[in-house]
Amino acid sequence: MLESGLIPLIFMVAVAIVVLSIFFSFVPVMLWISALASGVRIGIITLVAMRLRRVIPSRIVNPLIKARKAGLELDTNQLESHYLAGGNVDRVVDALVAAQRADIPLGFERAAAIDLAGRDVLEAVQMSVNPKVIETPIVAAMAKDGIELRTKAKVTVRANIDRLVGGAGEETIIARVGEGIVSTIGSSNSHKDVLENPDLISKTVLNKGLDAGTAFEILSIDIADVDVGKNIGAQLQTDQAEADKRIAQAKAEERRAMAVAQEQEMKARVQEMKAKVVEAEAQVPLALAEALTSGKMGVMDYYNMQNIAADTQMRQSFGQPGDKQKNTPPNGQE
C-alpha cells in the first residue's frame, strides 16, 4: 500500500519540476528581480511579451540597467525597437554613457542611426575624445626639376559625430592627403625646397579643407619621412633621346634603301640603253647591204668608209698605252 501511494507523489513532483523549469526558462524571473533591485521598473508581463516577440530580454534589460545607473532616460520601447532593427543595443548604450561623461551632445536617435549605418558608435565617441592618427602609405611625387620625392605623412583626425551618417571614411582622407602631397611637390620648383621646408606640404594640404564631406575633422598633418627617389626628369630625357635616335636611324635606313633602289634602277636603265645601241648597230650592216644591192652606194664608197674606220681606230690606239705592233695599221691602208 505504501509503495503504491509513493508512485503518484513522485509523478506529481516530477511534473511540478518540469512545469517550473519550463516556466522559469520562459519567464526570466531572475532578470526581473535584478531589474527591480537596480531601480528599473519593468513588469514580468513585459518580459514575457519580449519572449513572444523573439527578443532576448537580457539584451534589453541589462543595457537599460546600465543606462539608468548612468542617469540616462531610456525606455524599453526604444531599446527593443533598435534591437529588432538589427542594432547593437549594448554598444549604443555604452556610447551614450561615454558621450555623457565626455560632455558630448549625443542623443539616442543619433546614436542608433550611426549604429544602424554600420559604424562603431562607441569607437566614434572615443575618437572624439582621443583623436586617432592615420598613417598614409608612401606617396611618390616629382618636383619641377625632375627629382622624385617619396613622402609619408601622419594625419591626426577626430570623429565628427554630426557627419558620421553619410560621411566618407578613412580611405577618403588618405586619398585626399596623397593628392595634396603630389600637388604640393609637383608645384615646387626644386626638390630642395621641399627638403628644406617639409612643413610646406602639411600647411598647403591642411589649408585645402580635405575633411569636407568626411566623418572626421583633420587636426594636423605631419610629414613623417621624405626620401629622395629617382631622377625621373633625366630618365625621361634619356628615353626621349633614345627614341629620337631610333627614329633618325629608321629614317636614315629608309633613305639608304631608296638610294640603293634608285641606283639599281639607273643601272637597269643603262643596260637597257646599251641594249638599244647594240640593236641599232646590228641594223647598220643590213642597211649597207641594202644600199649596195639597190645601187645607192658603190663599192668604192664602201672601201672609203672602211679606210675611214681603220684610220679612226689607229688614231684612238695612239692615245692608249699598249703594244704598238698590234696597233700598226696594215700596208696600203695608212
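The values are calculated or read from the model by the stated rules, or taken from the named source; none is laboratory data. Bear in mind the structure is a predicted one, so any value in this text is a computation, not a measurement. Cβ: placed from backbone, ideal geometry, glycine included. Neighbour counts: every protein chain shown. Only protein heavy atoms, including side chains, enter the accessible area calculation; ligands, DNA and RNA are left aside. Shrake-Rupley method; radii C 1.70, N 1.55, O 1.52, S 1.80 Å.
What about residue 263, is it open to solvent by 100 Å² or more (accessible area, probe 1.4 Å) and not aromatic (Phe, Trp, Tyr)? No; evaluated as a whole, the condition is false for this residue. Is it true that residue 207 is over 30 Å from residue 97 (Cβ atoms) and either of a type in the set (Lys, Arg) or surrounded by 14 or more Cβ atoms within 10 Å (Cβ to Cβ) (or both)? Taking the combined requirement at face value, the residue does not satisfy it.
Taken as a whole, the condition of being surrounded by fewer than 16 Cβ atoms within 10 Å (Cβ to Cβ), outside the structural domain of residue 221 (by the TED database) and either of a type in the set (Lys, Arg) or touching a helix residue (DSSP H, G or I) at 6+ places or on another chain (Cβ under 6 Å) (or both) does not apply to residue 110.
With respect to (1) surrounded by 12 or more Cβ atoms within 10 Å (Cβ to Cβ); (2) within 25 Å of the chain's Cα centre (by Cα), the lone exception for residue 239 is condition (1).
Helices (runs of 4 or more DSSP H) fully within region 228-332 that include at least 1 residues being over 30 Å from residue 147 (Cβ atoms) and modelled with pLDDT of 80 or more: 232-294, 299-318. Condition check for residue 32 on (1) open to solvent by less than 50 Å² (accessible area, probe 1.4 Å); (2) more than 27 Å from residue 129 (Cβ to Cβ): one failure, at (1).
Considering region 91-207, the qualifying helices (runs of 4 or more DSSP H), each wholly inside and each with 2 or more residues that are more than 24 Å from the chain's Cα centre (by Cα), run over 108-116, 121-129, 191-196, 199-206. Within the option set 213, 186, being outside the structural domain of residue 119 (by the TED database), under 30 Å from residue 136 (Cβ atoms), modelled with pLDDT of 85 or more and loosely packed, with under 15 Cβ neighbours inside 10 Å holds for one residue only, 186.
If the condition is being polar (S, T, N, Q) and open to solvent by less than 80 Å² (accessible area, probe 1.4 Å), then region 307-316 contributes 307, 312. Within region 61-79, the set of residues being open to solvent by 10 Å² or more (accessible area, probe 1.4 Å) and assigned to a helix (DSSP H, G or I) comprises 62, 65, 66, 68, 69, 70, 76, 77, 78. Kindly check whether there is at least one residue in region 176-187 that is under 23 Å from residue 126 (Cα atoms) and charged (D, E, K, R). The answer is no; no qualifying residue exists. With respect to the conditions (1) touching a helix residue (DSSP H, G or I) at 6+ places or on another chain (Cβ under 8 Å); (2) modelled with pLDDT under 85; (3) under 30 Å from residue 81 (Cβ atoms); (4) surrounded by fewer than 20 Cβ atoms within 10 Å (Cβ to Cβ), residue 164 falls short on a single one, namely (4).
Against the condition open to solvent by 30 Å² or more (accessible area, probe 1.4 Å), in the same structural domain as residue 178 (by the TED database) and either of a type in the set (A, V, I, L, M) or more than 21 Å from residue 170 (Cα to Cα) (or both), how does residue 103 come out, does it pass? Spelling it out, it is not the case that residue 103 is open to solvent by 30 Å² or more (accessible area, probe 1.4 Å), in the same structural domain as residue 178 (by the TED database) and either of a type in the set (A, V, I, L, M) or more than 21 Å from residue 170 (Cα to Cα) (or both). Residue under question is residue 131, and the condition is that it be touching a residue at least 60 places away in the same chain (Cβ under 8 Å) and closer than 30 Å to residue 152 by Cβ; does it hold? In short, yes. Take the conditions (1) under 17 Å from residue 131 (Cα atoms); (2) touching a strand residue (DSSP E or B) at 6+ places or on another chain (Cβ under 6 Å); residue 169 misses just one of them, which is (2).
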